[in-house]
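The structure appears right after this line, and notes come after that.
Nothing in this text is a laboratory measurement; each read-out follows from the coordinates by a stated rule. Given the structure is predicted, the values throughout are model-derived calculations rather than measurements. With ideal geometry, Cβ positions are generated from the backbone for all residues, glycine too; neighbour counts draw on all protein chains shown.
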Amino acid sequence: MNEQPVLAVRGLGKSFGAVRALSDVSLRLYAGEAHALAGENGAGKSTLIKTLTGVHRPDTGEVLLDGVAVDFHGPADARDAGIAVIYQEPTLFPDLSVAENICMGRRPLRSLRRVDRSAEYAATAALMRRLGVALDPDRPARGLSIADQQLVEIAKALSSDARVLIMDEPTAALTGSETARLFGVVEALRAEGAAVLFVSHRLEEIFRLCARVTTLRDGRWIATDRTADLDEDALVRRMVGRDLDELYPKQPTEPGAVALSVRRLTREGVFRDISFDVRRGEIVALAGLVGAGRSEVVQAVFGVDRADAGEVRVGGRPLRPGSPAAAMAAGVALVPEDRRQRGLVMEMSIERNIGLTGLGRLGRYGLVRRALEHGRAADWAARLRLKYGRLSDPAEVLSGGNQQKVVLAKWLATEPSVLIVDEPTRGIDVGTKAEVHRLLSALAADGLAVLMVSSDLPEVLGTADRVLVMHEGRLAAEIPRADATEESVMTAATGRTGREAA
Amino acid sequence: MSETRTTTAPPPVPEADHFARSLADTVFRAREIAVGGALVLLILGTWLSNHAFLDDQGVKDLLLNSSILVLLAVGQSVVVLTRNIDLSVGSVVGLTAFACGDFVRDSGHGPVVVSLLGIAIGACCGLVSGLLVSFGRVPALVVTLGMLYVIQGLDYWWAHGEQVNAADIPDDVLGLGTGSVLGVPYLPLISAVVLAGTAYYLRAYRGGRELYAIGSSPQAARLAGIPIRRRVLGAYLFSGAVAGFAGALWLARFGTVVADAANGWELTVVSAVVVGGVAITGGTGSVWGAALGALLLTTIGSALVVLKVDSFWQQAITGVLLLAAIATDRVLQLRTTRALRKRSRQ
């Protein structure tokens, strides 16, 4: 490659306090090429992206645009230089219209520097046609689905004629068909000569979309390879730095007594007539398409949502409905799907987050003894191999995988007899993922009853003793481990038509 | 969540979201309509019980009484839109009214100079609050609460228990408060001009829209490269300048000014803004709504006097209106979100 890269970084270093997030990282992006950035959570991918887009300023090294060193003072500089970013969580203005969101920052002006609304509308409508989407430019962004928000972000990038498109895990919240549509758009952009930098935890997406892949580990550059010369195992080795003994370690267990028993649980319009048992020592997966009602079922079991009918028994005793406190007292723990919103108090320290579920046990008469709190946190951090600076750091500084471990620690510290986990490994890197699986398996072997909601089919097949499949609010099938295959689960999840895979 | 959108060839852009758009429009205008309606009903009802309420003098009084509050509400809305608040406006009015009075008493300058002086003093106060909030990153509530007391203290120290008397004020300055053109007093005209100008700026200019954007999602605004600090500083400067101007007008209207003039007005202003539909969490609402809110609160006060109801009811009614406004905001927001979501699934 003698060609001039559109955007490059050389010898980049960045520290936050004592933590070295990046050291000596180099990367070159060429026009018309999709480049993947791989690495575990906490490897420094997000920091690198934020440096490229002017959110962070590098401590050492330089960012080169067309071979010339540039110094971005803020996101506006990077945008003006033709760099567009699509973040994992879309960042739209809910109160502004789609058109205003897209044109924000570089809006068409007419006389007296007034904003030209009709030009704004027309430009947005044209973009939507180009993307093949039916979104009214005048509707407010509030209430758009994640996929649609993602599309608005892409339209934003298109509207600025971006030469470099950076995507930070854009597919994490998308269904299969939405991902396919996104990729179609990205492919077209690339063909028109844009340089694309793509971050994803889904390895197959990296191989499908990208010509080359740069791997980071612990903030360092490890390798840049052509994807054609690499297979998934080799890439995982580069990311993890060791062979994964097994992604889905499964310890054989003997199911014991019924720990959780759900009978005819119904919530009007959401799910209906759900009955199942989870035994001690068993991992039961709740599979199905997004929107089938899985999360809603476990939330009703835990009492976050009310059920209209039905009964939940824990260890044979009926559970008072609609009361998470009663559920916790009975030994049920729920690790929620959305760790940012529901799992953690992001600004609070790690130890306090872990302590939250057991404040009553950390002291007497409403007093919380800091030493006990710290001890409990340190204990669990060690057991789950949490990577952290200090336990008094806020949870938000941790990487996604480590945040998930904190949520797990928080709930395991309640010493539950039934553990419900909702999408335990979403947005988590391969290495941590395997650790979470090993942990769940070990917990089950110790006699814990585990109910796991997951959209990740290999995870469902790899870890579960039994698979319950939901379809449109009903239990469509119960498949024992031996018979569970991608095909059998998907057939049930899609309502026995087996036509569409999520 | 919209896995129903699986068809590969979506329909061309047309009317798909038309419903959502008109719905949102209705909701966003609903507040102006509701407050306007309440205002009309209130005026009608009071007029029926006492026709003097709407004779020439009555209308003039209504307009005069509300114009300073409207002005302050306009300035406040611009700040509230950015998800901040300016609690110092009441004492800024008091300070500038007194300072302006002190100044013309000795120098005998005309209304233009007095107004400019008021605007300058107000802008200085706004500059301090704005710098602390935008560059100092101190929460607006605390900064402006502090400013409220600081400015008030300054005012008391300056006044030394004295007051400015109407007799000392030049007639042309007082004329600003009492004069009229074609039967319409100056004060409401001035408020209307400021109101219309601000509304147009917010609607048609990039800076105005960016204020909405900042209030709607500060994080997204940062990533979109919006100069947040400059805009927030600008909002405070504007609010301060408008409050200073209002102080000069206060002097012109009342002539006699004591140090604690407009004491406690900041809360009335915030109430007017919120009742008028500017979300206290920023991002939505219009200055027209805020002005209507100010008009409504003033009219309630006047109506109670005409209806011979004890005036302490005014505060209770304001409070109820405020709670009702916030409650409807919440309900409406939930319902629109749901409706829009439903719509985008189809």
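With n ≥ 4 as the cut-off for DSSP H runs, can you work out [θ] at 222 nm for chain A, using -39500 (n - 2.57) per run divided by the number of residues, rounded to the nearest 500?
Working: 16 runs with 160 residues, N = 502.
Value at 222 nm, helices only, nearest 500: -9500 deg cm²/dmol.
Neighbour counts of other C-beta atoms within 10 Å: give me B:Leu195, B:Leu154 arranged from fewest to most. Intermediate results must be reported in sequence, preceding the final value.
Values: B:Leu195 22, B:Leu154 17.
Least crowded to most crowded, the residues run B:Leu154, B:Leu195.
State the volume of the convex hull built on the alpha-carbon positions of segment A:246-296, expressed per residue in Å³ and rounded to an integer. Don't skip to the answer; put the middle values down first.
Details: hull volume 4.3 nm³, N = 51.
Dividing the Cα hull volume of segment A:246-296 by its residues yields 85 Å³.
Please identify every one of the trypsin sites (Lys or Arg not before Pro) in segment B:244-335 that sits in a loop by DSSP and has no more than 11 other beta carbons within 10 Å of its own beta carbon. If you can, show how the numbers build up before the last one.
Working: sites: B:Arg253, B:Lys308, B:Arg330, B:Arg335; in loops: B:Lys308.
Here the trypsin sites (Lys or Arg not before Pro) that fit, given the DSSP loop and packing criteria, are B:Lys308.
I need the chymotrypsin sites (Phe, Trp or Tyr not before Pro) found in segment A:333-434, filtered to DSSP loop residues with at most 12 other beta carbons within 10 Å of theirs.
Details: sites: A:Tyr365, A:Trp380, A:Tyr388, A:Trp411; in loops: A:Tyr365, A:Tyr388.
Passing sites in segment A:333-434 are A:Tyr365.
Hey, what number do you get for chain B at 222 nm if only DSSP H runs of n ≥ 4 count, each worth -39500 (n - 2.57), divided across all residues, to the nearest 500?
-25500 deg cm²/dmol
At what distance in nm do the modelled label points of A:Asp379 and B:Val59 sit from each other, each positioned 7 Å from its Cα along Cα→Cβ?
A separation of 7.9 nm, rounded to one decimal place.
Given a cut-off of under 8 Å on Cα pairs at least six residues apart, what relative contact order in percent is computed for segment A:344-415?
Details: 91 pairs, mean separation 33.4, N = 72.
Answer for segment A:344-415 is 46 percent.
Within the set of other residues whose C-beta is less than 10 Å from the C-beta of A:Thr253, count the net charge using Lys and Arg as +1 and Asp and Glu as -1. Show your work: numbers first, answer last.
Working: positive: A:Lys250, A:Arg279, A:Arg280; negative: A:Glu254, A:Glu282, A:Asp446, A:Asp465.
So the surrounding residues net to -1.
First select every other residue whose beta carbon is under 13 angstrom from the beta carbon of B:Gly94; then total the charges, Lys and Arg +1, Asp and Glu -1. Show your work: numbers first, answer last.
Numbers: positive: none; negative: B:Asp102, B:Asp155, B:Asp260, B:Glu266.
Every neighbour counted, the sum reads -4.
Local charge sum around A:Thr432 (other residues, Cβ-Cβ under 11 Å, Lys/Arg +1, Asp/Glu -1)? Display every interim value, and only then the final one.
Numbers: positive: A:Arg385, A:Lys387, A:Lys405, A:Lys433, A:Arg438; negative: A:Glu40, A:Asp429, A:Glu435.
Surrounding charge for A:Thr432 is +2.
Relative to the present Cα-Cα distance, how much length would full extension add between A:Glu396 and A:Leu359 at 0.36 nm per residue of separation? Provide the component values of the computation, followed by the final result.
On the way: separation 37, 0.36 × 37 = 13.32 nm, distance 2.11 nm.
Result: 11.2 nm gained on full extension.
Check A:Ala21: other-chain or 5+ apart residues with amide H under 5 Å from its amide H, H built from backbone geometry?
Answer set, sorted by chain and number: A:Lys14, A:Ser15, A:Phe16.
Exposed loop sites here are GluC sites (Glu not before Pro) in DSSP loop states with at most 12 other C-beta atoms within 10 Å. What is the longest stretch of chain A lacking them? Could the numbers behind the result be given before it?
On the way: sites that count: A:Glu3, A:Glu192, A:Glu246, A:Glu268, A:Glu347.
Answer - A:4-191.
Sketch the reach of a paramagnetic label on B:Asn50 as a point 7 Å from Cα along Cα-to-Cβ, and name the residues of segment B:288-309 whose backbone nitrogen lies under 14 Å away.
Residues B:299-309 qualify, since their backbone N sits under 14 Å from the label point.
Report the full-extension gain for the segment B:Leu42 to B:Tyr156: residue separation times 0.36 nm, less the Cα-Cα distance, to one decimal in nm. Display every interim value, and only then the final one.
On the way: separation 114, 0.36 × 114 = 41.04 nm, distance 3.81 nm.
Once the chain is fully extended between B:Leu42 and B:Tyr156, it gains 37.2 nm.
Which aspartates and glutamates have a Cα less than 20 Å from the Cα of A:Lys410, not counting those fewer than 8 places away in the same chain?
A:Glu337, A:Asp338, A:Glu347, A:Glu351, A:Glu373, A:Asp379, A:Asp393, A:Glu396, A:Asp422, A:Glu423, A:Glu435, A:Asp446
Would you report the distance distribution of C-alpha pairs in segment B:36-333 as whole percents per 5 angstrom bin, up to the bin with the largest distance?
1, 6, 12, 16, 18, 17, 14, 9, 5, 2, 1, 0
Please list, by residue number, every one of the chymotrypsin sites (Phe, Trp or Tyr not before Pro) in segment B:107-211 that is coil in DSSP and has at most 13 other beta-carbon atoms within 10 Å.
Details: sites: B:Phe135, B:Tyr149, B:Tyr156, B:Trp157, B:Trp158, B:Tyr186, B:Tyr200, B:Tyr201, B:Tyr205; in loops: B:Phe135.
Sparse-neighbourhood loop chymotrypsin sites (Phe, Trp or Tyr not before Pro): B:Phe135.
Any idea how far apart B:Tyr200 and A:Arg10 come out in nm if each label point goes 7 Å out from Cα toward Cβ?
5.3 nm
At a temperature of 25 °C and a viscosity of 0.890 mPa s, determine how fast the protein assembly as shown diffuses translationally according to Stokes-Einstein, using the Kirkwood radius over alpha-carbon pairs as Rh; express D in µm²/s, rounded to the nearest whole number.
Details: Rh = 30.4 Å.
Roughly 81 µm²/s, to the nearest whole number.
Using alpha-carbon pairs under 8 Å, 6+ residues apart, how would you state the relative contact order of chain B in percent? All intermediate terms of the calculation are to be shown ahead of the outcome.
Details: 556 pairs, mean separation 117.1, N = 346.
Reported as a whole number, the value is 34 percent.
Along the Cα→Cβ direction, 7 angstrom out, place labels at A:Arg263 and A:Ala211. What is the inter-label distance in nm?
6.4 nm
Please state the equivalent ellipsoid semi-axes for segment A:344-415: what are the square roots of 5 times the Cα gyration tensor eigenvalues, largest first, in whole Å? Please list the in-between numbers first.
Details: eigenvalues 74, 28, 21 Å².
So the three semi-axes of segment A:344-415 are 19, 12, 10 Å.
Any lysines with Cα under 30 Å of the B:Lys60 Cα? List them, leaving off those in the same chain fewer than 8 positions away.
B:Lys308
Over chain A, what is the relative contact order in whole percent, taking alpha-carbon pairs under 8 Å and six or more residues apart? Don't skip to the end; give the middle numbers.
Details: 1037 pairs, mean separation 78.0, N = 502.
Value for chain A: 16 percent.
Measure up A:Lys250/A:Lys433; A:Lys45/A:Lys387; A:Lys156/A:Lys405; A:Lys14/A:Lys45; A:Lys250/A:Lys405; A:Lys14/A:Lys387 against 23 Å on the Cα-Cα distance and list the ones that go over.
Details: A:Lys250/A:Lys433 13 Å; A:Lys45/A:Lys387 17 Å; A:Lys156/A:Lys405 35 Å; A:Lys14/A:Lys45 12 Å; A:Lys250/A:Lys405 19 Å; A:Lys14/A:Lys387 19 Å.
Among A:Lys250/A:Lys433; A:Lys45/A:Lys387; A:Lys156/A:Lys405; A:Lys14/A:Lys45; A:Lys250/A:Lys405; A:Lys14/A:Lys387, the Cα-Cα distance tops 23 Å for A:Lys156/A:Lys405.
If you project the alpha carbons of chain A onto their three principal axes, what span does each projection cover, largest first, in Å?
71, 50, 47
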